[in-house]
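Remarks on the structure that follows.
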Amino acid sequence: MTPTFFIGITPPPELIERVLSWQAQLEHIVTAPHVTLLAPAELPEAHWRNVAAEVAARHAPVSVKLGGPDFFGSRVIFLKVNAPGLRAVHADLVQTLGQPPGEFALNNYHPHLTLALAWRPMNMSWDEAVNSAQTAFGELDNAPLTFTARELVLFGKAEPGQPYTERARFALAQS
């Protein structure tokens, strides 16, 4: 199997800990909390590193607002992301990668921070997980968490079924 990689941004450490704690209560293991900018593909890690470095050098840090939970049907529970600046970074990543974009790219790009995935085990029903996420993160709808994304993060995994792990960080250019 060829390793797969993707590029994202990570939220502040306090939110990472909060999300990981919530996921632990569900006994639900997914990739470290992040907002995906470029979906996974099976290309060599060196290519991904070059793409991330090139794009990071062309973009300034981006303001991000994280809102409360939402979901894609009964497949994904996520935190809403309001960050118009991420669209330009996403489009540049798609172009620089040099591969046909996936179905969730460009006009179909919907930035979000995944909390739970239906195809990963958890110790409660989907509806209970949705309610739990609303209880745990619902206040973010009225008081979004605002932060500045200052780095692109390369995530990778060697085998299907494994969570992705962080491989490298690339500082966004200062404006």
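Laboratory data are not the source of any read-out in this text; all were calculated from the coordinates shown. Here the structure is a predicted model, which is why all the values come from computation and not from measurement. Here Cβ is always computed from backbone atoms with ideal geometry, including for glycine, and neighbour counts include all displayed protein chains.
A residue that is touching a residue at least 40 places away in the same chain (Cβ under 8 Å), farther than 21 Å from T4 by Cβ and surrounded by 13 or more Cβ atoms within 10 Å (Cβ to Cβ) can be found somewhere in the range 106-121. Of the residues making up the range 64-105, those that are part of a loop (DSSP other than H, G, I, E, B), of a type outside the set (S, T, N, Q) and exposed (fewer than 15 other Cβ atoms within 10 Å of the Cβ) are G73, R75, P84, G98, P100, G102, E103, F104. In the condition set (1) within 19 Å of H90 (Cβ to Cβ); (2) touching a Ser or Thr at 6+ places or on another chain (Cβ under 9 Å); (3) surrounded by 15 or more Cβ atoms within 10 Å (Cβ to Cβ), T10 is compliant with all but (2).
Within the option set D141, D127, being out of contact with any Pro (no Cβ under 8 Å at 6 or more places or on another chain) and surrounded by 11 or more Cβ atoms within 10 Å (Cβ to Cβ) holds for one residue only, D141.
Identify, from the list E159, E151, E166, the residue that is of a type in the set (D, E, K, R) and either in contact with a Leu (Cβ under 7 Å, 6 or more places away or on another chain) or free of Cβ contacts under 8 Å to residues at least 60 places away in the same chain (or both). Lay out the reasoning, then the answer.
Values: E159 fails: either in contact with a Leu (Cβ under 7 Å, 6 or more places away or on another chain) or free of Cβ contacts under 8 Å to residues at least 60 places away in the same chain (or both); E166 fails: either in contact with a Leu (Cβ under 7 Å, 6 or more places away or on another chain) or free of Cβ contacts under 8 Å to residues at least 60 places away in the same chain (or both).
Checking each option against the conditions leaves just E151.
Filtering the range 86-117 to residues that are more than 30 Å from E54 (Cα to Cα) and either out of contact with any helix residue (DSSP H, G or I) (no Cβ under 6 Å at 6 or more places or on another chain) or of a type outside the set (G, A, S) (or both) leaves only L117.
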